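The values are calculated or read from the model by the stated rules, or taken from the named source; none is laboratory data. Because the structure is predicted, anything quoted here is derived from the model rather than measured. Every residue, glycine among them, receives a Cβ derived from its backbone with ideal geometry; neighbour counts consider all protein chains shown.
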Amino acid sequence: MSGKEQKYIDEAFKTNWVAPLGPNVDAFEKEITHFVGANEAVAVSSGTAAIHLALCLLDVKKGDKVFCSSLTFIASATPIIYQGAEPVFIDSEPDTWNMSPQALEKAFKEAWHVGELPKAVIVVNLYGQSAKMDEILSICNHYNVPIIEDAAESLGSTYKGKASGTFGQFGVFSFNGNKIITTSGGGMLISNDSVACKKARFLATQARDPAPHYQHSSIGYNYRMSNILAGIGRAQLEILEERVKNRRLIFERYFQELSQIPGIYFMPELENTRSNRWLTSLTINETESQVTVEEVLKALTDENIEARPVWKPLHMQPVFKGAKYYPHTECESISEQLFKTGICLPSGSNLSVKDQMRIINCIKGAVNSNTKERDVIRII
Ligand SMILES: *Cc1c(COP(=O)(O)O)cnc(C)c1O
């Protein structure tokens, strides 16, 4: 928290706006639209809810197909299942770790051939890095299929000067506790389509018809954001830029200290993009570094430092067994390689230099002890 949140929460209490609507919700929506440069925003209870609403608005239903990035958190794809539709997973490419335009093109060509174009494409901006939006947009526009941009991890990032989340028909942000700014739990659906946003508000408040009595002609959800949590969001948004600066500094320090080690490669930042560096991630080439991912993770765990592998690709998840998957090339699955070799390092905005140096030294130690051991073995 920044310390300014309490002011907005107190306002909500003083005016008794303790409900899933109110002045903080309206203001938070407006402030987000100003920040990212979109026409409208709908504040909801989670990023997952925002993706679900976007699919409803695009009329995704039973039997439909939806293309989705494979290397992501499961919430990118679960709403496809809520709608009874079928996810088709698209691999990453190595420059951004995000959706491979090459694989996407192949998926579209095959879908076109059998007359089964997807209803939507969910494009994820992993760990704050924008996908190759120009290439992806051009393919989707060619087939006239709308994009839902899952920008849950990339609020504050830009692609060619334009805010992440504003490239699709719909953009999605998350304010879950682990994201770059938080409302404890919450999300935002953004769009330039004000008719769709009006319908999103309707669906998110139990689809109540405009009648004095309670009348419903369709099924909706209870998905709106509470006015108290929106107050937290308003204060958080004020410090978003500062957060991005902090996270980028954390990345810089890791990069300076670790990038010389043979076999360690940091997640790239595509030219003309600015990543919010939500998480600093790197891959380890075990032959070059002579240390395994497991050994590095274990060295960190032994020091009580939490680090994690990158997301397990969705096409490898037991729950999506049998789902269709398009790899980057015939013989190259980038998301699987990243999963095998990737590590996410502690990247919290409040990480101190001292703590970060402890993490860095622990990784250096893991690499050194291994190379020494192997040198000895070689000499013998
Ligand atoms: C966090 C996250 C979501 C879901 O957001 P919630 O607010 O937790 O529902 C969706 N997609 C990605 C890529 C995420 O990281």
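A few comments on the model shown:
- Residue among THR48, THR78 that alone is surrounded by fewer than 18 Cβ atoms within 10 Å (Cβ to Cβ), at negative phi, modelled with pLDDT of 95 or more and of a type in the set (Ser, Thr, Tyr): THR78
- So SER70, is it hydroxyl-bearing (Ser, Thr, Tyr), touching a helix residue (DSSP H, G or I) at 6+ places or on another chain (Cβ under 7 Å) and buried (at least 17 other Cβ atoms within 10 Å of the Cβ): yes
- Test: residue in segment 30-44 that is part of a helix (DSSP H, G or I), in the same structural domain as ASP150 (by TED's automatic domain parsing), within 21 Å of THR183 (Cα to Cα) and free of Cβ contacts under 8 Å to residues at least 24 places away in the same chain: yes
- Just one of the listed residues (TYR127, TYR82) is out of contact with any helix residue (DSSP H, G or I) (no Cβ under 8 Å at 6 or more places or on another chain), of a type in the set (Ser, Thr, Tyr) and either away from the ligand (no atom under 15 Å from the Cβ) or not assigned by TED's automatic domain parsing to the domain that holds GLU269 (or both), and it is TYR127.
- Test: residue in segment 217-235 that is away from the ligand (no atom under 15 Å from the Cβ) and of a type in the set (Phe, Trp, Tyr): no
- Residues located in segment 293-350, provided they are hydroxyl-bearing (Ser, Thr, Tyr) and touching a helix residue (DSSP H, G or I) at 6+ places or on another chain (Cβ under 8 Å): TYR325, TYR326, THR329, SER335, THR341, SER347, SER349
- All conditions but one from (1) of a type outside the set (S, T, N, Q); (2) closer than 28 Å to GLY342 by Cβ; (3) free of Cβ contacts under 8 Å to residues at least 40 places away in the same chain apply to GLY84; the one that does not is (2).
- Among the residues making up segment 26-64, those that are of a type in the set (A, V, I, L, M), more than 19 Å from ALA230 (Cβ to Cβ) and more than 16 Å from the ligand (Cβ to nearest atom) are LEU57, LEU58, VAL60.
- For segment 148-162, the condition of being more than 15 Å from the chain's Cα centre (by Cα) and within 16 Å of the ligand (Cβ to nearest atom) holds for none of the residues.
This table checks each residue for (1) part of a loop (DSSP other than H, G, I, E, B); (2) outside the structural domain of GLY63 (by TED's automatic domain parsing); (3) at pLDDT 95 or above; (4) not hydroxyl-bearing (Ser, Thr, Tyr).
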site	(1), (2), (3), (4)
ILE139	no, no, yes, yes
LYS199	no, no, yes, yes
PRO210	yes, no, no, yes
GLY220	yes, no, yes, yes
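- Top-ranked residue in segment 172-197 [being assigned to a strand (DSSP E or B) and aliphatic (A, V, I, L, M); ranked as nearest to the ligand (Cβ to nearest atom)]: VAL172
- A single member of TYR265, TYR254 is farther than 21 Å from PHE73 by Cα, within 22 Å of the chain's Cα centre (by Cα), outside any loop (DSSP other than H, G, I, E, B) and touching a residue at least 24 places away in the same chain (Cβ under 8 Å), and it is TYR254.
- Residue match in segment 108-118 (condition: away from the ligand (no atom under 16 Å from the Cβ), more than 18 Å from the chain's Cα centre (by Cα), crowded, with 20+ Cβ neighbours inside 10 Å and in a loop (DSSP other than H, G, I, E, B)): yes
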